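Here the structure comes first, spelled out in structure tokens, and everything after it is commentary.
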Amino acid sequence: MEAEFALKTEVRGDVLIMATSGYVNNDGGQQIASVFEEYHAKGFSRVVMDMKESKVVNSIGISFLIEVIEKLNDNNGKLIFANLAPSIEKTLSIMGLFNYAAKESSVDKALAALA
Amino acid sequence: MEPNIKLKMTLPRIPDIELVAIEGLDRMARHMGIPEEKIGEAHVLVTEAVINAFEHSGQSRPVVRIEFTMNQEKLIIFVRDYGKGFDPGAVEQPDIDKKLSSGHKRGWGLKLMETMSDDLLIESDDKGTRITIIKNLK
């Protein structure tokens, strides 16, 4: 069964990498938005969302990512998703998130795209 | 061809209970040799249908019935709640451009179910809602 949600963060230069694991549900989405807000307040506006260890999401959890995108858009920031499972990629696509965020097949490629 | 296999569950409202339904679906799908891509899309359908059922049940101690019928060609997901019902025609289609500037960023479940399924039937009245989702597996 899909594991409980957990979030790890790493900073590389001026890029915030947030790596999720487990089910991205309501609580998971809130955690992402809350941790992002901490870093955003410190000036981080370029974010990689690594979802390699998440295979199940729900739309409530993902709706918090719209909040993240909105705040990044307000100050010319950028969000890149990395390592998306096909069904998660399709979910984000249906919701229109790729109109405002990019996707790459790995964290390294996402960092390269932000360089 | 393999005959249909079925799984029925009654889900109480406890956190992440939809994962239990997904686990059951996974076991059925692996038994039937269903491609991973289709299983992943079925996860989305089940997750959204169960969450939607609990959200709109309007009951203090709601339960949701879910039933999977699967063969190698097709998955039928039936989800039943006993809440106050809703008018599917009155549900506004979510739009990312509007959501970005809105305080209400939720409301995507129906759109995801419509788009990711091959057929979706919603029957709702004051005795509850019945959602039948068909997903082709080939």
Handout entry: Estimated Rh, the range A:71-115: Kirkwood, alpha-carbon pairs, angstrom
Key = 11.1
Handout entry: Check: chain B dipole with +1 on Lys, Arg Cβ and -1 on Asp, Glu Cβ, in debye
Key = 360
Problem - Zero-based 5 Å bins, Cα pair distances in the range A:1-49, whole percents - result: 5, 22, 31, 21, 13, 6, 2, 0
Exercise for the section: Averaging sequence separations of C-alpha pairs under 8 Å and six or more residues apart, then dividing by the length of chain A, give the relative contact order as a whole percent. Expected result: 25
Exercise for the section: Filter the GluC sites (Glu not before Pro) in the range B:48-103 down to the DSSP loop ones having no more than 10 other Cβ atoms within 10 Å, then list what survives. Expected result: B:Glu92
Practice task
Name all residues of the range B:92-136 having a backbone nitrogen under 17 Å from the label point set 7 Å from the Cα of A:Ala41 along its Cα→Cβ direction, giving them as ranges.
Solution key: none
Problem - Listed residue (B:Thr69, B:Ile22, B:Ala42) projecting farthest to the positive dipole end of the range B:1-78, Cβ model - result: B:Thr69
Exercise for the section: Please report, in whole Å, how far the alpha carbons of the range A:6-114 spread along each principal axis, starting with the longest. Expected result: 31, 26, 25
Problem - Local electrostatic count at A:Glu4 - Lys and Arg +1, Asp and Glu -1, tallied over other residues with Cβ under 11 Å - result: -3
Exercise for the section: Above 17 angstrom, tally the Cα pairs of the range B:62-108 and express them as a % of all pairs, no decimals. Expected result: 61
Problem - Proportion of all alpha-carbon pairs of the range B:1-74 beyond 13 Å (%) - result: 65
Fill in the blank from the handout: In whole Å, largest first, the alpha carbons of the range B:41-135 cover along the principal axes 43, 32, 21
Completion exercise
Here Rg/Rh (Cα, Kirkwood) for the protein assembly as shown equals 0.99
Exercise for the section: Please build a GNM for chain A, connecting alpha carbons under 10 Å apart, and tell me which residue among A:Asn25, A:Asn58, A:Asn99 fluctuates the most. Expected result: A:Asn99
Practice task
Using the structure shown, list the pairs from A:Lys52/B:Lys105; A:Lys55/B:Lys99; A:Lys109/B:Lys99; A:Lys8/B:Lys6 with a Cα-Cα distance above 31 Å, or answer none.
Solution key: A:Lys8/B:Lys6
Problem - Between 0 and 90°, nearest 10: helix B:36-55 axis offset from chain B longest Cα axis - result: 40
Fill in the blank from the handout: Rounded to 0.05, the calculated FRET efficiency for the beta carbons of A:Asp27 and A:Ser93 at R₀ = 25 Å is 0.55
Problem - Only Lys, Arg (+1) and Asp, Glu (-1) charged, at Cβ; the protein assembly as shown dipole about Cα centre in debye - result: 200
Problem - Approximate spin-label separation B:Glu37-B:Glu73, in nm, with each point projected 7 Å along Cα-to-Cβ - result: 2.1
Exercise for the section: Under a 10 Å cutoff between Cα atoms, tell me which one of B:His31, B:His43, B:His56 has the largest fluctuation in the Gaussian network model of chain B. Expected result: B:His31
Handout entry: Cα→Cβ-extended label distance, 7 Å offset, between B:Ile14 and A:Ala6, nm
Key = 2.2
Practice task
Could you calculate the FRET efficiency of B:Glu123 with B:Asp26 from 1/(1 + (r/R0)^6), where r is the beta carbon distance between them and R0 is 30 Å, rounded to 0.05?
Solution key: 0.65
Handout entry: Among B:Thr115, B:Thr69, B:Thr47, residue whose mean-square fluctuation peaks in a GNM of chain B (springs only between Cα atoms under 10 Å)
Key = B:Thr115
Practice task
For helix A:59-74, report the angle its Cα long axis makes with the longest principal axis of the Cα atoms of chain A; keep it between 0 and 90° and round to the nearest 10°.
Solution key: 10
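The numbers here are math on the coordinates, done by the rules we state, and not lab data. Only a predicted model underlies this, so the values are computations on that prediction, with no experimental measurement involved. Neighbour counts are summed over all protein chains in view; Cβ atoms, including those assigned to glycine, are modelled from backbone coordinates with ideal geometry.
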